[in-house]
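Notes to accompany the following structure.
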Amino acid sequence: MFATDPEESLVPLFAESERTGSLQPVGTGIFVEFMSQPFLFTAAHVTDELKNGPLMAPGFDGIHSLEGYVGHIDLLPDQSRNEDHIDIAYYRLCTLCSRSLCTHFRPLPRSRCRLLTTSLGLGVCSIYGHPASRFKRKGGVYGSETATWRGVAGSAEDYASDGLSPESNVIVHFHKKRTVSRETGKRINPISPRGASGGGIFAWPQGQELSEDWSLPELVGIFHTYKEPKGLMIGTSLIAVAAAIQLGQMKNFGGVQ
């Protein structure tokens, strides 16, 4: 069974704190069936946490380590992650791990994923993920909730001013100080997107910009950066993820079954 609301496919990701040994939220993953195989899309700076230990997610009877082949776009020589405009990664999940995720989540079908050749034709988009502020811990029980941020996609000038490419990136305007409630029209203080890295950027169809029918928007990118002073939420289009997956396929995903 596939996800109809993207929320069903959004997986909170955790890592163990070196200092306390407790789990801490590190980002979001998107559970997707792509090329008839189970994947988890996320940001590369989230999978960078693997140098300290495994990433973990809710499964059969608790929170377990993710298992599978991990792929990403390599950094250029002498480049830091902060300078990485692509910042995407994926897990080609093993069968047991994907079945474990299905205890709580549903994969987004390939039909809900759009590979853009340019982001300039986009209208209104929503970023959807698990922000750190929604993380809860009570004793040994961990919890998380999703949140969304909606705004107008960037113009050619936005991409040029930030040195980004509409062929590989997706920009969405979201100014915290200009946020208003769709219900009341009054200004509100929105949830911070910190911790939502790896969440999805979903494009709404023309004429449905204010809709709440989440069966309509398509996944077009992976969110990884929020430039609060400029009011820009930035991600990478799925075509970069597809390219990374093609490279992983050439390596047979490390033999993952």
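Rule-based calculations on the coordinates, nothing more; no lab input. Since the structure is predicted, the reported quantities are computational estimates derived from the model, not experimental observations. Glycine also receives a Cβ, built like all others from the backbone with ideal geometry; neighbour counts cover every protein chain displayed.
Quick rundown of the values:
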read-out: Share of pairwise Cα separations in segment 14-73, more than 17 Å, in percent; value: 40 percent
read-out: Estimated D of segment 70-195 in µm² per second, where Rh is the Kirkwood radius over Cα pairs and Stokes-Einstein applies at 4 °C, 1.567 mPa s; value: 72 µm²/s
read-out: Neighbour cut-off at most 10 other Cβ (10 Å), DSSP loop, GluC sites (Glu not before Pro), segment 13-110; value: 18
read-out: Under 5 Å, built H, 5+ apart or other chain: amide partners of residue 88; value: 44, 73
read-out: Reciprocal mean inverse distance between Cα atoms of the chain - Kirkwood radius, Å; value: 18.4 Å
read-out: For a label point 7 Å along the Cα-to-beta-carbon line of residue 157, residues of segment 84-124 with backbone N under 20 Å; value: 119-124
read-out: Residue among 45, 88, 56 farthest towards the positive dipole end of segment 13-157, charges placed on Cβ; value: 56
read-out: HN-Hα J in Hz across segment 240-257 - Karplus 6.51, -1.76, 1.60, θ = phi - 60°, x for Gly and Pro; value: 5, 5, 4, 5, 5, 5, 4, 5, x, 5, 5, 9, 6, 6, x, x, 5, 10
read-out: Proximal lysine pairs, segment 6-255, alpha carbons under 30 Å, eight or more residues apart or interchain; value: 18
read-out: Whole-number D in µm²/s for segment 135-174 (Stokes-Einstein; Kirkwood sum over Cα pairs; 10 °C, 1.306 mPa s); value: 123 µm²/s
read-out: About the Cα centre, charge dipole magnitude for the chain (Lys/Arg +1, Asp/Glu -1 at Cβ), debye; value: 640 debye
read-out: Relative packing of 196-204, 4-12, which averages over residues the other C-beta atoms within 10 Å, highest first; value: 196-204, 4-12
read-out: Inverse mean reciprocal Cα-Cα distance (Kirkwood Rh) of segment 187-257, Å; value: 14.8 Å
read-out: Taking 233, 250 and counting other C-beta atoms within 10 Å, the order from fewest to most; value: 250, 233
read-out: Full-extension gain in nm, residue 2 to residue 35, via 0.36 nm per residue minus C-alpha separation; value: 10.4 nm
read-out: Linear extension gain, residue 102 paired with residue 79, 0.36 nm per residue minus alpha-carbon span; value: 4.6 nm
read-out: Cα gyration tensor shape for segment 1-107, rounded if a/c is under 1.5, else prolate or oblate; value: oblate
read-out: Among 93, 115, 40, residue whose mean-square fluctuation peaks in a GNM of the chain (springs only between Cα atoms under 10 Å); value: 115
read-out: Environment charge of residue 56, counting only residues whose C-beta is closer than 13 Å and scoring Lys/Arg +1, Asp/Glu -1; value: -3
